[in-house]
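Everything on this sheet refers to the single structure shown next.
The values are calculated or read from the model by the stated rules, or taken from the named source; none is laboratory data. This one's a predicted model, so the numbers in the text were calculated from it and none came from an experiment. With ideal geometry, Cβ positions are generated from the backbone for all residues, glycine too; neighbour counts draw on all protein chains shown. Note: areas computed on protein heavy atoms with side chains; ligands, DNA, RNA excluded. Shrake-Rupley method; radii C 1.70, N 1.55, O 1.52, S 1.80 Å.
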Amino acid sequence: MKDLAYYNGKISSIEDMRVPMLDRGCYFGDGVYDATFARNHIVWQLEEHVARLYRSADALGIGIPHTPEELCALIRRLVTQVNTGEQWVYFQVTRGTAPRNHAWGEMCHGNVWVMLRPTEMVDVYKKIKLITVPDTRFLHCDIKTINLIPSVMASQKAEMAGANEAVLHRDGRVTEGSHSNIHIIKDGVFRTAPTDNLILPGIARAHLITACRELGIPVNETPFTVDEMLNAKEVLISSSSAPGLRCVEIEGKPVGRQAPEVVAALQKWVRDEIFAETERD
């Protein structure tokens, strides 16, 4: 298949898949999701992404009709059915299907969605541009829900400004990007926001922290401000599809570019890890 959609056991192309209007994801955004990518039909860090999906579902009381091991096996099997080895791998669980009512009663398990689409991996050495946008999301950003309207609006604003990503902030504190985590390098230290309720604990973020520790780069997981970001030696973003991109411009003004050797070491570590995990014997 050129792409693939899965819904509660049904498989088709993405365009042909039909979802019931009474799925609570359709009218409440009542669901959780995760996403990563595949290379050579091997899914990068699948167990970590599935574990985060279950944490998000547990936080909202959403039941998933598979064990984590079963869901991993299902996704791996589906990935092999798409012709192209490099794929965007998206999966979500909505609370279930029922007539519209805010309270969900005693629904026992959710609806499982998977979407696989051919996508080239992002070049980790790509240089990007950012804008800043006030963070208007709710106060449970640590749960990866499918309610993404604030992030959608911020991403559109970035696109219209010719930027690659929007940096969200609350009262001056940088929280994260509209679909990424934000990091800075300042005074030789890798700074990244703490994993409190205001950010999603990114899988790629965790791997960058591991990279720093293996490379001897100090890590500080405390909040930093927009001003600190604008004056940092380097600014980086990370997500599973872009695990360590270097920012060179924010709001049309040059930033970073003062610790190229540190960035190069981190990017090489991430690239080597991805290629090692997704290379077939």
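Cα centroids of segment 77-117 and segment 183-222: how far apart, whole angstrom?
Answer, in whole Å: 30.
Given a Förster distance of 25 angstrom, what is the FRET efficiency for MET17 paired with HIS66, based on the Cβ-Cβ distance and rounded to 0.05?
0.85
Taking 1 over the mean of 1/r across every pair of different Cα atoms in segment 10-98, what Kirkwood radius in Å do you get?
So the Kirkwood estimate lands at 14.0 Å.
On a 1.4 Å probe surface of the protein chains, which of LYS129, LYS144 comes out largest in accessible area, and what is the full order?
If we order LYS129, LYS144 from most to least accessible, we get LYS129, LYS144.
Given the whole protein assembly as supplied and a 1.4 Å probe, what does the accessible area of GLU277 come to in Å², nearest 10?
70 Å²
Too long at a 31 Å Cα-Cα cut-off: which of LYS127/LYS157; LYS2/LYS233; LYS10/LYS126; LYS126/LYS186?
Over 31 Å Cα-Cα: LYS2/LYS233; LYS10/LYS126.
Using heavy-atom solvent-accessible surface (probe 1.4 Å) with all chains present, what is the largest-first order of CYS26, CYS72?
Heavy-atom accessible area, descending, gives CYS26, CYS72.
Say R0 is 41 Å: what FRET efficiency, to the nearest 0.05, do ARG271 and ASN101 get from their beta-carbon distance?
Once rounded, the FRET efficiency stands at 0.25.
Considering the options ASN101, VAL133, TRP113, tell which one lies farthest towards the positive end of the dipole of segment 101-144, charges being +1 on Lys and Arg and -1 on Asp and Glu at the Cβ, about the Cα centre.
Of the listed residues, the answer is VAL133.
If each DSSP helix of 4+ residues adds -39,500 (n - 2.57) and the sum is divided by the residues in the chain, what number results at 222 nm, nearest 500 deg cm²/dmol?
-8500 deg cm²/dmol
Under a point-charge model restricted to the Cβ atoms of Lys and Arg (+1) and Asp and Glu (-1), what is the dipole moment magnitude of segment 198-281 relative to its Cα centre, in debye to the nearest 20?
The dipole magnitude comes to about 120 debye.
Looking at segment 56-209 from every direction and averaging, what is the projected area of its Cα convex hull in nm²?
Reported value for the Cα convex hull: 12.0 nm².
Treating the beta-carbon of each Lys and Arg as +1 and of each Asp and Glu as -1, no other charges, what is the dipole magnitude of the chain about its Cα centre, to the nearest 20 debye?
It works out to roughly 400 debye.
Quick one: if you stick a label point 7 Å off each Cα along the C-beta vector at ASP58 and GLN258, how many nm between them?
4.2 nm
Could you work out how much longer the chain between VAL248 and ARG76 gets when fully extended? Use 0.36 nm per residue separation minus the Cα distance between them, nm to one decimal.
58.3 nm
What does DSSP give for the chain in terms of the percent of beta bridges that are antiparallel, rounded to the nearest 5?
80 percent
For the charge dipole of the chain, defined by +1 on Lys and Arg C-beta atoms and -1 on Asp and Glu C-beta atoms about the Cα centroid, which residue among LEU230, THR192, PRO260 has the Cα displaced farthest towards the positive pole?
LEU230
Pick the calculated Rg and Dmax of the Cα atoms in Å for this structure from (1) 19.1, 57; (2) 22.3, 73; (3) 22.2, 76?
(1)
Calculate the FRET efficiency for GLU47 and LEU230 from the Cβ-Cβ distance with a Förster distance of 30 Å, rounded to the nearest 0.05.
Taking R0 as 30 Å, the efficiency between GLU47 and LEU230 is 0.20.
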